[in-house]
1. Do you know which of the residues in segment B:21-43 that are facing chain A (nearest Cβ under 7 Å) and modelled with pLDDT of 90 or more is surrounded by the most Cβ atoms within 10 Å (Cβ to Cβ)?
2. Condition (residue is part of a helix (DSSP H, G or I), at pLDDT below 85, within 7 Å of chain A (Cβ to nearest Cβ) and surrounded by 16 or more Cβ atoms within 10 Å (Cβ to Cβ)) applied to segment B:53-69: is it met by at least one residue?
3. Return the residues of segment A:173-203 that are polar (S, T, N, Q) and either over 23 Å from B:Ala77 (Cα atoms) or touching a Cys at 6+ places or on another chain (Cβ under 8 Å) (or both); say none if nothing qualifies.
4. Collect the residues in segment B:1-58 that are within 16 Å of the chain's Cα centre (by Cα) and charged (D, E, K, R), keeping them in residue-number order.
5. Residues in segment A:189-225 that are more than 7 Å from chain B (Cβ to nearest Cβ) and polar (S, T, N, Q): how many?
6. I'd like to check which helices (runs of 4 or more DSSP H) are fully inside segment A:57-156 and have at least 1 residues that are among the basic types (Lys, Arg) and either out of contact with any Cys (no Cβ under 6 Å at 6 or more places or on another chain) or within 8 Å of chain B (Cβ to nearest Cβ) (or both).
7. Do you know which of the residues in segment A:226-243 that are hydroxyl-bearing (Ser, Thr, Tyr) and more than 7 Å from every other protein chain (Cβ to nearest Cβ) is farthest from A:Ala101 (Cα to Cα)?
8. Could you list, in sequence order, the residues of segment B:80-93 that are at pLDDT 85 or above and within 7 Å of another protein chain (Cβ to nearest Cβ)?
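The values are calculated or read from the model by the stated rules, or taken from the named source; none is laboratory data. Because the structure is a prediction, the values reported are computed rather than measured. Backbone-built Cβ (ideal geometry, glycine too); neighbour counts: all protein chains shown.
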Amino acid sequence: MGRPHGLKNEIPKAMDLLTDVFSKYDLVFAFLFVGLLMSASILLSRILFRGRIPGAAIAITLGLVMAWFGGRKGVADFPVMAGLSLLGGAMLRDFSIVSTAMGASLSEIRKSGPAGITSLFLGIITAFGIGSAIAVAMGHADPRSIATIGAGACTFIVGPVTGAALGAPSDIIALSIAIGVIKTVVVTILTPLVADRIGLDNPHTAMVYGGLIGTTSGVAAGLAATDARLVPYGALTATFYTGTACLLCPSLLYYLLTVVLPR
Amino acid sequence: MKIYGVAFLSACFLAGQLLGELLGRLFHFQGNIGGVGFGMLLLIVWGDRAKRKGWIGEESESGIHFWNAMYIPVVVAMAATQNVKAAVAGGWLAVVVGVGGTLACFLLIPLMARLGRHGSASRSQE
């Protein structure tokens with residue numbers, strides 16, 4: 001570490017040193033990296049899109065594109081980028097989501113609570129129903145596989161939890177995770193684009209949106225790209241979605257599925 | 001002090017997670033049911049009370065606002081660490097279910113938003 005080894009004419013060595021330092025202090029490098037990515041995205045938003053697509057939306061989309069070059073943990077599979085999985089991991093994600101609640105209006109939440117809870121159940125039943133129906137239409141006959149695919153249409157956690165509970169084959173479980181991740185990506189990209197059309201510009205609709213869509217990562221990213229003030233309302237209902245769906249899918253909804261399926 | 005705000009936020013977060021874990025065990029489910037949601041509710045209710053009673057000043061609150069402002073960067077980092085390759089490799093069924101299921105739920109948003117806003121407690125009949 002101590003003294004630099006002839007940086008002048010040994011570029012490879014300099015690169016080594018750079019990656020050594022960056023991967024040693026990976027979280028700090030993640031701060032720098034995300035900061036640069038954000039500023040580049042805001043610049044792109046201003047110059048290329050004249051502010052019509054928010055900088056946050058561009059940054060999130062660029063993040064997804066970069067993740068494609070990585071592996072299971074996205075770009076964090078590269079040692080230099082490992083800090084991103086800490087910065088963007090479940091702990092700091094949930095911590096910063098909770099912090100957005102400071103200053104959120106309790107009366108607004110009380111008023112929209114019933115609609116939010118109804119949306120939660122409707123969202124789970126719709127995702128499970130549509131997912132199962134498509135699975136049947138595309139030739140699946142085993143109810144355990146169909147239910148796992150339907151659960152994958154809820155979130156990428158509900159799919160494997162349901163599949164494990166029902167004893168579905170592992171390739172179906174992997175498929176259900178893929179479905180859940182695709183949902184997250186679609187929600188992230190689609191939300192800011194359709195926000196105007198679906199009236200997503202107030203706390204009430206944000207709570208309904210969070211309940212119906214449910215994927216915390218997608219809702220979090222989608223609202224961040226649309227209007228950061230709506231984040232606490234959407235996130236509040238969305239955070240109950242995965243837990244509720246994990247309860248409903250392998251039990252009640254699976255039972256209903258076996259009743260509905262033709263023998 | 002800013003750390004008071006951060007500590008207060010942490011207390012709400014942890015209390016919420018405890019509640020979520022407790023609920024999860026109650027239902028014999030490996031994991032957490034709504035821990036983040038409970039944490040948010042606690043922060044709204046306790047935060048409001050603490051501010052009114054003067055327990056949290058502006059300086060302390062700025063510790064919470066820092067994390068609030070870190071939310072978008074955290075989400076960007078999260079996006080960059082998703083398993084996008086697996087999502088793409090899932091094949092047609094994954095794409096059709098992922099997109100189809102999501103679109104169906106999006107279509108319901110304006111409908112549900114309208115139902116609730118008229119104040120009519122709409123009872124869902126299953």
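1. The residue in question is B:Gly39.
2. no
3. Restricting attention to segment A:173-203, the residues satisfying the condition of being polar (S, T, N, Q) are A:176, A:184, A:188, A:191, A:202.
If the condition is that a residue be polar (S, T, N, Q) and either over 23 Å from B:Ala77 (Cα atoms) or touching a Cys at 6+ places or on another chain (Cβ under 8 Å) (or both), then A:Ser176, A:Asn202 are the ones that fit.
4. Hit for segment B:1-58 is B:Glu21, nothing else.
5. 4
6. A:90-99, A:106-137, A:143-152
7. A:Thr242
8. Of the residues in segment B:80-93, the ones at pLDDT 85 or above are B:80-81, B:92-93.
B:Ala80, B:Thr81, B:Leu93 - these are the residues of segment B:80-93 that are at pLDDT 85 or above and within 7 Å of another protein chain (Cβ to nearest Cβ).
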